[in-house]
Structure formats: structure tokens, C-alpha cells
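Just so it is clear, none of the values below were taken in a lab; they were calculated from the coordinates. The structure displayed is predicted, hence computed values, not measured ones. A quick note on method: Cβ atoms are made from the backbone with ideal geometry, for glycine too, and the neighbour counts reach across all protein chains shown.
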Amino acid sequence: MLGRRRAFRLLTLPPATWLALFFVAPLILVVAISFRPEAGPIDFGDPWTLSFAQYERIFATPSYLRLLGTSILIALTVAMAATILAYPIAYFLAFRARERATLYLILLLIPFAVSYLLRVMAWRLMLGQEGAINSFLMSVGLTSEPIDLLLYSQGAVIVTLVYVWIPFAALPIYAALQRIDRGHLEAGADLGAGPWSRFARITLPMALPGVLASFFMVFIPTVGEYVTPSLVGGTEGYMYGNLIQDFFGQAGAWAGGAALSVLMLVVTIVLVAVALRVIDVRRLAS
């Protein structure tokens, strides 16, 4: 028994060390910086003094909090849409693809081999005034001139992020669907349950953990998204992550940017914790 424990500790030591150095330590550093009083660049040679000045500035500026709320709403919309659209893909791979499931799964993962920026830029070209969507709408006579709202808006940010996250969202749902015992479906059929009844009472509840995992996997990083809003959102699609990036970049206000980051982290953790508390996955699955 002692040998197994020692082997377990030796195996977990490298990933634990990696996690501590490149995740926990930077997070602690950001939290520490957020409690410094400096409004501009930080000189780490100066003595560290505890100050709540950065958080006082944030809560005294309602626009920052409104932007955080807007980003949360956008993230909720993107996560919900990506999860709903990813479910049929995962269902097809798990129950309909059969021997071609591996091929289709590879095709689903192909976008991961393409640069994230390249995929976002492709949508920027599609949504532009001379892009594919406007050209199609004008060619079929649905509009006489290009629609400006397709680009540089919150809608453009949502559409692009949903497209980016659908392959990621499909994977946890696919894994959950694969773990479903086909015997449950056969038993339901023997008892007279139709396809929709089996889906609503067996497949969907048993896949719910994967659905929730997909939702939160999309929601959490989308709250702090800043690359996509910068490329396709413009001023109308400005998000909380862009504000943090501006504080760290253009303004050089590291302490303020760190405080904004910590606030976003705390709010996101609280929202996820409350959601998991309210949604009893085991009860719904049973």
C-alpha cells in the first residue's frame, strides 16, 4: 500500500508542479497586483501596500459593471446557442454515423487545425459590406444595398463565437451520449415508448451532464473574450475582455486591469456555482 501511495505521489507531482507554477502562481500575482494603489505602470521595486483603490474606482464607474453584465448576457447567448446546435451533431455521431463516426469526428476536429484568428477573419470577410452574405442577399433581391449591421455589432460577435465554439461543445455531449447503455433504449422501445419519448425520457436526461459541461465550457471563456469583438464587433461589440486588454495595454494600468480581471473571475465563479447548486444534475438524470 505504501508503494502505491508513493507511486501516486510521484505521478501527480509533475502536473501539480506545472499547475502551481503556470496557473496558481500567476493568479495569485494578479490578485496581489489588484490591491496596489498605483493608477499607472507598476514598479515592482516599490514596497507593496494593501489598497482597495482599484476596486473603489471600478464600483464608482457604472459603465464598467454594465459592460460586465452585457458580456455575461452575450456569453449566455453564445453558450446556449452553441450547445443547442452542437447537440444534433453529437447525436448523429453517437447514434447514426456508425462505422463512419471516426471519419466524421475527424472532420469535426479539422477546424482546430486552422488558426483561430484565420477563422474569425473569415467571418469578418463574410459579414462585410462586400462579403458573401450581403452579396447573396442582394443577388436574390432581399435587399437593394449592403446591410451594415452584419458587421461591427453584437450580433456579429455572437454569430462568430457560436461558429467557433460549436466543435468544442459537441465533444462533451458526444462523450456523454456514447456512455448511454443502448439496453435502456431497447427496453423503452419494448415498453412501447416511441422515438421522441425515448429521447425525452432516456437520451436527453442521461446526456445532461455532457450538455451542462458543454454549456459551461463555452460560457466561462466567452465572458472574457476580446479577440473576436476586436475583429468583428467594433465599438458596438465591445466586451469586458476588451476593457481589461485596454487597461493592460494602451493605458498601462496594470493594477486596474488586474482588479477588473479578479472581479470577472469572482462573478463567473459565483454564477457557475449558483447554477450548479440550482440545477441538480443527478435528480434530472434520474
Options (i) 29, 22, 19; (ii) 38, 31, 18; (iii) 37, 20, 16 are given for semi-axes √(5λ) of the Cα gyration tensor in Å, and the computed one is (ii)
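Give the Kirkwood hydrodynamic radius (Å, one decimal) of segment 7-139, defined as one over the mean of 1/r across all pairs of different Cα atoms.
Numbers: mean 1/r = 0.0474 Å⁻¹.
Every distinct Cα pair counted, the radius reaches 21.1 Å.
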Between the residues Ile74, Pro146, Leu212, the Cα farthest towards the positive end of the dipole of segment 47-238, that dipole coming from +1 and -1 charges on the beta-carbon of Lys, Arg, Asp and Glu, is from Leu212
Computed over the chain, the relative contact order (Cα-Cα under 8 Å, seq sep at least six) in percent reads 29 percent
